[in-house]
Every structure is written in structure tokens, then in C-alpha cells.
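**Student:** Structure incoming, see below.
Laboratory data are not the source of any read-out in this text; all were calculated from the coordinates shown. Quantities reported herein were computed from a predicted structural model and do not represent experimental measurements. Cβ atoms come from the backbone with ideal geometry, glycine included; neighbour counts cover every protein chain shown.
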Amino acid sequence: MTNIPAGYGVCPCCGGSGRVKLSEGDAWMRAWKDLSYYDPETDTKTCHNCGGQTMGGKAIGYTKLDKATGKGCHHEYVGRNAGRCYTIYTCKKCGSSYDIDSGD
């Protein structure tokens with residue numbers, strides 16, 4: 001993990017690694033070894049709390065600080081339609097946001 005910028009904290013989901021263990025619902029990924037977000041060597045997937053959920057798909061290991069706790073945020077995103085196939089997601093706890101354009 002790189003240095004954490006001011007105003008950010010270690011991601012509470014991946015502990016800063018950018019990777020999380022598979023849940024029971026993710027077991028199907030083991031059959032698809034070519035998925036870019038699944039690593040069969042470590043049996044982990046990209047963390048979807050610190051960047052893996054974005055269009056770039058790159059987990060960075062840290063998040064903005066949760067305003068209530070002052071620690072890295074376990075996001076609670078709410079989506080807002082901003083166009084036909086364009087959605088902006090904003091976290092209720094820290095204000096972090098990202099957008100997804102799924103195309104027409």
C-alpha cells in the first residue's frame with residue numbers, strides 16, 4: 001500500500017491490501033480464472049470498498065474518513081441517476097463519490 005493522504009484512512013474492508021477474501025456468494029469466481037478482479041493464487045478479489053467498485057476497478061487500500069468515527073469509511077453508497085445510463089454514487093458517511101456510465 002502507498003502512503004495514505006491526509007483526510008483518508010486504511011480501508012476497513014481490506015486492511016489496506018486492496019484485496020478481500022471471497023464470500024460464499026462469490027464462490028462461482030473460482031471457476032473463472034481469467035476474471036481481472038479475481039486472484040486464484042490468493043483466492044481473493046479486488047476490494048469494492050476502496051476503489052474496485054469504480055469504472056477503473058483499482059482498489060487503493062484507503063478511503064475518505066467516516067465523519068462519525070474518524071477512521072477509514074466502510075461506505076454506504078446511494079445512487080443518483082444523472083442521465084440515461086449515467087449514475088453517480090455518493091457515500092452517506094464520508095461524501096466519497098464515483099460515477100458509472102454504462103453506455104447506451
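**Student:** Say R0 is 22 Å: what FRET efficiency, to the nearest 0.05, do residue 90 and residue 48 get from their beta-carbon distance?
**Tutor:** Numbers: r = 16 Å, r/R0 = 0.72.
E between residue 90 and residue 48, to the nearest 0.05, is 0.90.
**Student:** Could you pull the Cα extents of the chain along its three principal axes, largest to smallest, in whole Å?
**Tutor:** 38, 37, 24
**Student:** Something else now. Restricting to Cα pairs below 8 Å that are 6+ residues apart, what does the relative contact order work out to for the chain? Please round to a whole percent. Don't skip to the answer; put the middle values down first.
**Tutor:** Numbers: 185 pairs, mean separation 25.1, N = 104.
Normalised by residue count, the contact order of the chain is 24 percent.
**Student:** Could you give the length gained by full extension between residue 74 and residue 24, i.e. 0.36 nm per residue of separation minus their alpha carbon distance, to one decimal place?
**Tutor:** Numbers: separation 50, 0.36 × 50 = 18.00 nm, distance 2.00 nm.
This chain segment gains 16.0 nm when fully extended.
**Student:** What ranking, highest mean first, results for peptides 90-98, 36-44 when packing means the other Cβ atoms within 10 Å averaged over each residue? Could you put the intermediate results ahead of the total?
**Tutor:** On the way: 90-98: 16.4, 36-44: 12.9.
Highest mean packing first, the order is 90-98, 36-44.
**Student:** Right, another one. At a Förster radius of 35 Å, what calculated FRET efficiency corresponds to the Cβ-Cβ distance of residue 67 and residue 34, to the nearest 0.05? Numbers along the way, then the final one.
**Tutor:** On the way: r = 40 Å, r/R0 = 1.13.
Efficiency, from the Cβ-Cβ distance: 0.30.
**Student:** Still on this structure, please answer the following. Give, rounded to the nearest 20 debye, the magnitude of the charge dipole that segment 39-104 has about its Cα centre when Lys and Arg contribute +1 at Cβ and Asp and Glu contribute -1 at Cβ. Let's see the in-between values first.
**Tutor:** Working: 9 positive and 8 negative charges, 88 e Å.
With only Lys, Arg, Asp and Glu charged at Cβ, the dipole is about 420 debye.
**Student:** Next up: Using square roots of five times the C-alpha gyration tensor eigenvalues, list the equivalent-ellipsoid semi-axes of segment 1-50 in whole Å, biggest first. The partial results should precede the final answer.
**Tutor:** Working: eigenvalues 122, 22, 11 Å².
Value: 25, 11, 8 Å, ordered largest first.
**Student:** Between 61, 77, 14, whose Cα lies farthest towards the positive end of the dipole of segment 1-87 when Lys and Arg beta carbons carry +1 and Asp and Glu beta carbons carry -1, centred on the Cα centre?
**Tutor:** Result: 77, furthest along the dipole toward the positive end.
**Student:** Compute the length gained on full extension between residue 82 and residue 41: take 0.36 nm times their separation in residues and subtract their Cα-Cα distance, giving the result in nm to one decimal.
**Tutor:** Values: separation 41, 0.36 × 41 = 14.76 nm, distance 3.90 nm.
Extra length from residue 82 to residue 41 when fully extended: 10.9 nm.
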